Amino acid sequence: MIEFRCFRNDDPPRLADVWRAADLGRSAMQPMTSSLLEACVFSKPYFDREGLFVALDSGRAVGFAHAAFGPNQDRSAIDTRTGTTLLVAVVAHDEQAAISATLLTHCENFLCRRGAEVLLGGGSPETHGFYLGLYGGCDLPGILDSSPAMQEVFRRAGYVEAERMAVLRRSLLGFRPPVNRLQLAIKRSTELRVIDEPTRRTWWEAATTTGISLRRYELINNAGELLGSVSFWDMQPLAATWGIVAAGLLHVDIAGSKRRQGLAHYLVAEAIHDLGEEGVAIVETHVAESNPAAKKLFDKLGFETTELGTIFKRA
């Protein structure tokens, strides 16, 4: 008989075993260890043990699922109105479908008890409070197409596609920023500042990026005005398993009145060129298919789609 219960402090080794044995797709961190889960999940200040459910068969863990919340609008606290089941990981088992469905139901019940009005499946760049760098590469891409069994768990439960996410990657070997009249004009009238381990701008950014190496590039005009910024993180230990140095692009922010002036293209190009000069081999980012402007920007810079994922919503 399968037993279901909430997380206990002695569970990390069991959950690492499940992670290694479950079919999570090619963009899941492997081999998983309890120390990695501790750093990226259990140590977070907003981790709630009652939102992580474990399935056991005769005392052996055969699956787990994790439900959580993202930030409020100003990113100063958790917002419980929208809840997300981030992962449903189950090993090969005669009752795999039933175990997965029950784990998802436990997650939904937890989220609703906490006040959730909207239920999502799969994490996103907006709600990456857990598993950053462990599932999906540089950020959370919903549920990956390379995890079809997990996608089916949500579809069978009545979830529908809310957003498609593309995982984009760019080799920096031989990369040079484009040179044209607009880019030269921006270069003459601005300064590019590089800030290692910058002050985190919000509580949510501090909570989600604690323990990772962050770098921010800021574009400043001659009057000292901040025009925009782009943030990267050093994708360790995931990149180490790839045998390369990789950076994950998390955010591109351009001041509202300065958009559509070529600044994002210039800023990202200069930033990834600088990273390449320092030995970074690959830059990865995630883009929502509902954001064609961002997709166009990265297409121009030579990024290619390597994976696709789906963020689900309970109908």
(request) Could you tell me which of the residues Asp79, Asp139 is touching a Gly at 6+ places or on another chain (Cβ under 8 Å), without any contact (Cβ under 8 Å) to a residue 24 or more places away in the chain and either part of a helix (DSSP H, G or I) or closer than 28 Å to Trp233 by Cβ (or both)? (result) Asp79
(message) Anything in region 142-191 that is closer than 19 Å to Gly262 by Cβ, in contact (Cβ under 8 Å) with a residue 12 or more places away in the chain and outside any loop (DSSP other than H, G, I, E, B)? List them, or say none.
(response) Arg170, Leu182, Gln183, Ile186, Lys187, Ser189, Thr190, Glu191
(message) Step by step: first the residues of region 133-166, then only those that are within 12 Å of the chain's Cα centre (by Cα) and within 21 Å of Leu103 (Cβ to Cβ), then the one that is surrounded by the fewest Cβ atoms within 10 Å (Cβ to Cβ). Which residue is that?
(response) Leu134
(request) Return yes when Ala116 is out of contact with any strand residue (DSSP E or B) (no Cβ under 6 Å at 6 or more places or on another chain) and small (Gly, Ala, Ser) and no when it is not. (result) no
(message) For the list (1) at positive phi; (2) among the basic types (Lys, Arg); (3) modelled with pLDDT of 95 or more, I need the number of the one condition that Arg260 fails.
(response) (3)
(message) Within region 291-300, take every residue that is surrounded by fewer than 17 Cβ atoms within 10 Å (Cβ to Cβ) and over 17 Å from the mean Cα position of the chain (by Cα) and give me the one that is nearest to Gly133 (Cα to Cα).
(response) Asp299
(message) For region 8-44, which positions are at pLDDT 95 or above, assigned to a loop (DSSP other than H, G, I, E, B) and of a type in the set (Asp, Glu)?
(response) Asp10, Asp11
(request) Being within 18 Å of Arg114 (Cα to Cα), assigned by TED's automatic domain parsing to the domain that holds Glu117, among the hydrophobic types (A, V, I, L, M, F, W, C) and not in a strand (DSSP E or B) narrows it down to one of Phe47, Phe69, so name that one. (result) Phe47
(message) If I ask for residues that are more than 14 Å from Arg215 (Cα to Cα), part of a helix (DSSP H, G or I) and of a type outside the set (A, V, I, L, M, F, W, C), which ones from region 274-304 would you list?
(response) Glu277, Pro292, Lys295, Lys296, Asp299, Lys300
(message) If I ask for residues that are closer than 14 Å to Tyr217 by Cα and either polar (S, T, N, Q) or over 23 Å from the mean Cα position of the chain (by Cα) (or both), which ones from region 257-272 would you list?
(response) Leu263, Tyr266, Glu270
(request) Check off (1) free of Cβ contacts under 8 Å to residues at least 12 places away in the same chain; (2) assigned to a helix (DSSP H, G or I) for Gly224 and give me the number that stays unchecked. (result) (2)
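The values are calculated or read from the model by the stated rules, or taken from the named source; none is laboratory data. Just so we're clear, the structure is a prediction, and the values are computed from it rather than from any experiment. Don't worry about glycine lacking a Cβ; one is built from the backbone with ideal geometry, like all the others, and counts go over all protein chains shown.
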